[in-house]
Each structure stands twice: as structure tokens, then as C-alpha cells.
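First the structure, in the form of C-alpha cells, and then the observations on it.
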Amino acid sequence: MIERYMTREMREIWSEENKFRTWLEVELAVCRAWMERGVIPSEAYDDICTRAGFTIERINEIEEQVNHDVVAFVSAVAETIGENGRYIHLGLTSSDVIDTASSLLLKRSLAAVDEKVVLLMSAVRKRAEEFKYTPCVGRTHGIHGEPTTFGLKLMNWYYQLTRDRERIALAAAHVDFGKISGAVGTYAHCDPSLEKRVCEILGLRPSPVSTQILQRDRHANVLNTLALLGSALDRFATEIRHLQRTEVMEVLEPFGAKQKGSSAMPHKRNPILCERISGMSRLLRGYAVVGMENISLWHERDISHSSAERVVWPDAFHAVSYMLSKMTTVVEKMTVDNEKMKENLELTRGLVYSQRILLELVERFGLLREEAYAIVQENAMKCWKEKTAFFDLLLGDERVRSKLSEEELRSLFDSAYYFRWVDEVFSRFTDQ
């Protein structure tokens, strides 16, 4: 990931230093399991734990010669230990270390992402409560539909994020596995009970069956989970981008006092954070495809997945972590124009109440739906064309006027009718 979009949390997890540190964590867990069996003397194990270390420079020097990063790592660590270094990597194949360590890195990354989702949910819920009863127009196909509230719109976001959290938990459960089963998964040099003990030490579960690697559907699920989360953020960002359009101007993302919107046009206030989030969501969906491509490998394994994972895993987590931070900032600091929402709600001169008129004619007066629809649609089209208030057109239509008094008709143009169940919707999330 380029520096611009890196985050502190993911830098700590996915740095080269921490990758090797996590490999060493696995190696030391294996040494401990061998020591508990008496294969490694306790004095040697204590010496290993005291002296084991590495430098990236030395690993790189060795890799230049051997062209194998795990061999280079094991050799570099063994050098720091001395004679007892011979016990490092005892009975293991490279993927025992890499895949078990990767499970730890992915689990920790998912936990960090989940923490950021919780922060975003808190911000969304707070703003939803703030605008719980703020009327605005609901749009379908980009066209005004019926009244809703901005708070209800935000609660819909909140609910989607609860599903993202469920997927994160499931993805973490699917990568909560290690494998110490050897070159093709037969436990030829490390028996299953050793694997079980190593995984216990590391806080993982042993994979019930593996080849030389953990199968990549687990990891594809992680990337798909991040892509779905990114798509949720894209959805939220796209909504704000539309609401910030000059013709709409209901919601504006934060804009700093010294911020510049354009190098050429000083008046510009562009939704650049939301556009950035939308753009980066495309990366996450692309990484998800890579994850699925990595599932199909030759026989017990090949390494066509390896080079791709070195890029897409850290990049995906950096991207989604960055996006979550920016979206939280947008939600917390966005400007919401209540008056503009009210103005836009009235923009179509009452057409947003057309369905209520239709249902009143059908349910109360027994008109056939087709007949009632024709009456309402005819007046709606006049409203569009003549720019006359929908209420006035209906009031002047004898087919409507003969059934509804002016007062009764006006009562059907009350936006509060549409908000009767807002409290009910909000109450469903009291325990979230």
C-alpha cells in the first residue's frame, strides 16, 4: 500500500518486522511443544527463548543466496541462538510456519477492523438519533418517491454495519486455524497431538485436515468480507455525494477552514473524501477476486497464491482501515441542512403524497385500483407539466372533489403520517 493510505494499526500488523516476529512466535511455540515432550532439553529451550532474534538485513542477505525467505529466516534466527539453533524449525515445512502465522495476522487485522466498525456504528447511531424525525425525501431511481427521515436513512446504514460485523466475526472464525501437518499434510514428522499443542499455545485451532497449506477458501472469505464492508462504505459515500450535489445540497461532508476545493475554481466544495472511499472500494472488490482465484492450486499446493497474498492481504486491510477512519470523520462532522431537506421535499409540489391519495380512493371509496390510479396519475402529469400544486389540481378534479372535502384532502398531504413507525424501527436496535 502506498504511504498515503496506510494506517497505524495495519502498519504495526503488516510490517516486515512484525511478519518475521509472528513467524518466530510460531517457531517458538513449536519448540515449546517439543520441549514439553522432552525432545528439546529444557535448558536448550530456555536458551532459544532468551537468544532467538533476527534482523531483516541479515534475512535479506541470506535470501539473496538461497532465494527462499523461510530458509533465510530460519538460518538468521539460528545464527542468533548458536548451537541450540539446530532445534529451530524441527520437523516443519515452510507453510507450517507461514500459514499458521498468517492466521494470527489475519485474526488480529480483523479484530482491528471490527474496532473501527464499532466506532463508525457509534457515530452513525448518534447522528441517526439527532435526525430521527428530520423529514427528507426518499428517492427511488434517483426520483422523488415518498417522505422519509434522515435518521431512518442513517439507521439503515447502521443495520448494514451490524451485518458487516457478523461477517467479520465469521471470517475470523474461518481463519482461526493453524496447521503443523508437514509437507503434504500427513503429519509424517510432527504428529497431530503436537499440532494441537502448538495451536493451543498460539490461541488457534488445529485444522481438521490440511495439505501443505490451509485451504484458501478461508482467506478468500476474509477478502470477500472486506469487499462487502467496503461496498457498504461505498454505498454510504455515494449517498452523501449525491446529497452534496449543487442541485440537492442537503448534506455536505466536512470542509476545513483552509481547505481548497479546486486549483482553478475557488467556489468549489467537492465531496473528495466520499469519492476517495468509493474509489478505494473498487480495490477491495478486486482483491476479493484475487482471493477466489487463489483457491484453486495444483494438488497439495503450489505457490501461485503466495505472491498475490503478499500484496492483497496488507493492501486490503490498509484500505479498509483507512476508509473506515475517513467515513467515521465524514459522519461525525458532516453538515446536514434541515431546511434544504424540507425545501426539496416540497420541490415536486406535493407529488410525494400521490400513493396516499391513490389508496384513499381505493380503500375508502371502493374505486378499482386502475381507475383510481388513472385519476391520480393524470393530475400528477399535469403537476409536472404545468408546475401547479398537486393539491390544487386534485381539489379541482370533480372525481376527487366529490369524494373528499378540502380538509380531508389536505390531511392526506401530512408528512407525519409517514413517520408513525420510526420509533418502532429505532427500538429494534436498543441492544446493539
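None of the figures in this text is laboratory data; all of them are computed from the coordinates on show. Everything numeric in this text was worked out from a predicted model, so none of it was measured. Note that each Cβ is placed from the backbone with ideal geometry, even for glycine, and that neighbours are counted across all protein chains shown.
Determine which residues of region 96-138 fall in the zone a paramagnetic label at THR335 would reach in this model, i.e. backbone nitrogen under 19 Å from the point 7 Å along Cα→Cβ. Those under the cut-off are 127, 131.
Here the simple spin-label model places points 7 Å from the Cα toward Cβ, and for MET292 and SER42 these points are separated by 5.4 nm.
Each Cα pair under 8 Å and six or more residues apart adds its separation to the average, and for region 10-90 the resulting relative contact order is 30 percent. In region 325-417, a dipole from Cβ-located charges (positive for Lys and Arg, negative for Asp and Glu) runs towards its positive end, and of VAL331, ALA416, ALA374 it is VAL331 whose Cα lies farthest in that direction. Estimated from the Cβ-Cβ distance and a Förster radius of 56 angstrom, the FRET efficiency linking MET249 and GLU64 is about 0.40. Each 10 Å bin from zero holds the following percent of Cα-Cα pairs in the chain: 4, 17, 21, 17, 14, 11, 8, 5, 3, 1, 0. Note that region 101-112 has calculated 3J(HN,Hα) couplings of 5, 5, 4, 5, 5, 5, 4, 5, 5, 5, 5, 5 Hz, one per residue in order, obtained from phi through the Karplus relation 6.51 cos²θ - 1.76 cosθ + 1.60 (θ = phi - 60°); glycine and proline are x.
Placing one equal scatterer on every Cα of region 10-90 and applying the Debye formula, the log10 ratio I(q)/I(0) at q = 0.18 Å⁻¹ is -0.72.
With +1 on each Lys and Arg Cβ and -1 on each Asp and Glu Cβ, and nothing else charged, work out how big the dipole of region 10-90 is about its Cα centre, in Debye to the nearest 20. Before the final figure, lay out each step's value.
Values: 8 positive and 16 negative charges, 51 e Å.
Value, rounded to 20: 240 debye.
For the pair ILE143 and ALA169, label points projected 7 Å from Cα toward Cβ lie 4.2 nm apart. Each principal axis of the Cα cloud of region 360-425 was evaluated for its coordinate range; sorted largest first, these ranges are 37, 29, 22 Å. Dipole magnitude for region 351-412: computed about the Cα centre from +1 point charges on Lys and Arg Cβ and -1 point charges on Asp and Glu Cβ, it is near 140 debye. So what's the gap between the Cα centers of region 1-78 and region 270-292, to the nearest angstrom? Measuring centre to centre over Cα atoms gives 33 Å. Counting only Cβ charges, +1 for Lys and Arg and -1 for Asp and Glu, the dipole size of the chain around its Cα centre is about 1140 debye.
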